[in-house]
Amino acid sequence: MQRRTYDVVVVGAGIVGSATAYHLARAGQRVALLDRSGIAAEASDAGAGMLTPLAEAGASDLSAPLLRLGLAGLRHYERLEAQLESETGMWAGLVHLPTLYPAFDDGQAEALRRDLAALQSLRPELRWLEADEVRQREPLLAPSVRGAILSPAEGNLAIGHLTRLLVRGAQLHGAELLIPRNALALLWDGARVQGVLTEEDPIEARHVVLATGAWSSAWSDRDQQAGVVYPLKGQLLALRPSGQPLRHTIYAGPLGYLVPKADSSVFVGATSERRGFDKTPTAGGLIQLLEVVQRVAPALKEASVERTWAGLRPVSVDGLPFIGEAPSSPGLWLAVGHGRVGAITGPVTGFIIAELIQGRPVPYELDLRPFAPERLGTWRRRLTPLSTAGAGDRQLELFSRPAEASQTVAQEDQADRRERP
Ligand SMILES: Cc1cc2nc3c(=O)[nH]c(=O)nc-3n(C[C@H](O)[C@H](O)[C@H](O)COP(=O)(O)OP(=O)(O)OC[C@H]3O[C@@H](n4cnc5c(N)ncnc54)[C@H](O)[C@@H]3O)c2cc1C
């Protein structure tokens, strides 16, 4: 069996893992990026790709960790876009159309104006548009609109495209893509992580980054039913307007949102459902999405329906991602649980992990304490340690799990497969 050794092995080729691999490879690290399904095979090809940290985090607490991370995410995109495009010669996937936060009654308008006053301290470019101006700028909006916040710098992203481009960028810098590879367990040398065991072969590395999205609980030691990261199903609908295109992302709070894409299609989203790992679009989901069209932009009723689909947001039980090295397991890094904001915060997370692995300070003056990897428990999933054998005669058998753990993983893998459409 071929033995592979790297500086870093990244498990999961979604937007988070691909960004991590890209930034590390660009910095000269020997990187392997592996995924059992493919590049952007899960949430990172399913998401709506809104780059709207203000929408997701709100104005109630301007120091909220997710808002700070999201704003750092936007700053990071400014440089990543230019960098990737010059390195690959391809469009990075960013759609630079502004976002509108519309109000459809007086109470909403008042609440939005209050939010605006607070948010302008962070983003001075935000401004209020009266109803007439909103209708003029975005004729597809419902005529009942009472005004809107205009956010010029919050655009959107072709998330699957960017993820694939990050992998291409990583490969240009020498990263190896190992697909399909199903990572089963961590390899250990005493207390230090030393790589991962995949179904195909062991892969040794000084650092292992878990970027395993909604499947991350399989690596957690926390003993609870929901898992420390759980899948939150989101259904989306793509429409193609028959007349004029939508000119803004429309974020209508709890009602839902409309996202204009580079090819002029419009994504309508999204449901939030706890359905395990099921990704089947349903009639009920479609009704909910058509309701968004009806209430927010009824002019789109003439649009043709292109497709419906669903993906699984990787949501952590306390709502915050896990970012950084696990203190009790040196060499093990977590980059999981980005929930609804992985398009915004995925690439900056990859950059943060890459900087920290190289011993550099946390970028963008971020406070990472709220994202501490072990705040809810450890991530070990320990195999029989490598150190029980002499370095020269390590055999695959040494990596096999204790019987009980093997059974748990086998059962979970089986359950995953059963639940996947
Ligand atoms: C409907 C919907 C709408 C969304 N809208 C937005 C939005 O507007 N804005 C925004 O910022 N975010 C949005 N998101 C969230 C965003 O898409 C996700 O947070 C992000 O894609 C998560 O990326 P990830 O890399 O963590 O996970 P994923 O993309 O799911 O990648 C995880 C990868 O790990 C692999 N993997 C798992 N376990 C193993 C293993 N043992 N071995 C090998 N490989 C493994 C999987 O195959 C998968 O490819 C949305 C998500 C959904 C579903």
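3J(HN,Hα) couplings calculated from phi for the stretch 330-339 with the Karplus curve 6.51 cos²θ - 1.76 cosθ + 1.60 (θ = phi - 60°) are, in sequence order, x, x, 9, 10, 10, 9, 9, x, 7, x Hz; Gly and Pro show x. The helix-based estimate of mean residue ellipticity at 222 nm for the chain, built from -39,500 (n - 2.57) per DSSP H run of four or more residues and divided by its residue count, is -9500 deg cm²/dmol to the nearest 500. Summarising the amide proton neighbourhood of Val10: residues at separation of 5 or more, or on other chains, whose placed amide H is nearer than 5 Å comprise Ala32, Leu33, Leu34, Val209.
Under the criterion of Cα pairs below 8 Å and six or more residues apart, the relative contact order for the stretch 1-139 equals 15 percent.
FRET efficiency for the Arg127 to Val317 pair, using the beta carbon distance and R₀ = 25 Å, is estimated at 0.10.
Loop-located trypsin sites (Lys or Arg not before Pro) in the stretch 250-285 (DSSP state not H, G, I, E or B) with no more than 12 neighbouring Cβ atoms inside 10 Å: Arg274. Computed from phi, the 3J(HN,Hα) profile of the stretch 190-197 under the Karplus parametrisation 6.51, -1.76, 1.60 (θ = phi - 60°) reads x, 8, 9, 5, 10, x, 10, 9 Hz, with x in place of Gly and Pro.
Between the residues Phe277, Gly73, Tyr364, the greatest Cα displacement towards the positive end of the dipole of the chain, with unit charges on the Cβ of Lys, Arg, Asp and Glu, is found for Phe277. Taken one residue at a time, the phi angles of the stretch 313-326 give Karplus couplings (6.51, -1.76, 1.60, θ = phi - 60°) of 6, x, 9, 8, 5, 9, x, 10, x, 9, 9, x, 7, 6 Hz. Gly and Pro are set to x.
Counting heavy atoms of the protein chains alone, Asp263 has an accessible area of about 80 Å² for a 1.4 Å probe.
Computed about the Cα centre, the dipole magnitude for the chain is approximately 200 debye when only Lys and Arg (+1) and Asp and Glu (-1) carry charge, each at its Cβ. Structure remark: mean-square fluctuation, Gaussian network model of the chain, C-alpha springs under 10 Å; the largest value among Glu325, Glu306, Glu138 belongs to Glu306. Entry note, the chain: relative contact order of 23 percent, from Cα contacts under 8 Å with a spacing of 6+ residues.
Centre-to-centre separation between the Cα atoms of the stretch 93-109 and those of the stretch 156-203: 37 Å.
Only protein heavy atoms count here; under a 1.4 Å probe, Arg340 has an accessible surface of about 130 Å². The stretch 212-266 and the stretch 281-314 have Cα centres spaced 12 Å apart. Sites listed here are trypsin sites (Lys or Arg not before Pro) in the stretch 144-250 whose DSSP assignment is loop and whose Cβ has at most 16 other Cβ atoms within 10 Å: Arg222, Arg247.
The values are calculated or read from the model by the stated rules, or taken from the named source; none is laboratory data. As the structure is a computational prediction, the values presented were derived from the model and not from experiment. As a convention, Cβ positions derive from the backbone with ideal geometry for all residues, glycine included, and neighbour counts pool all protein chains shown. When the accessible area is computed, the model is the full protein with side chains, heavy atoms only, and any ligands, DNA or RNA have been set aside. Shrake-Rupley method; radii C 1.70, N 1.55, O 1.52, S 1.80 Å.
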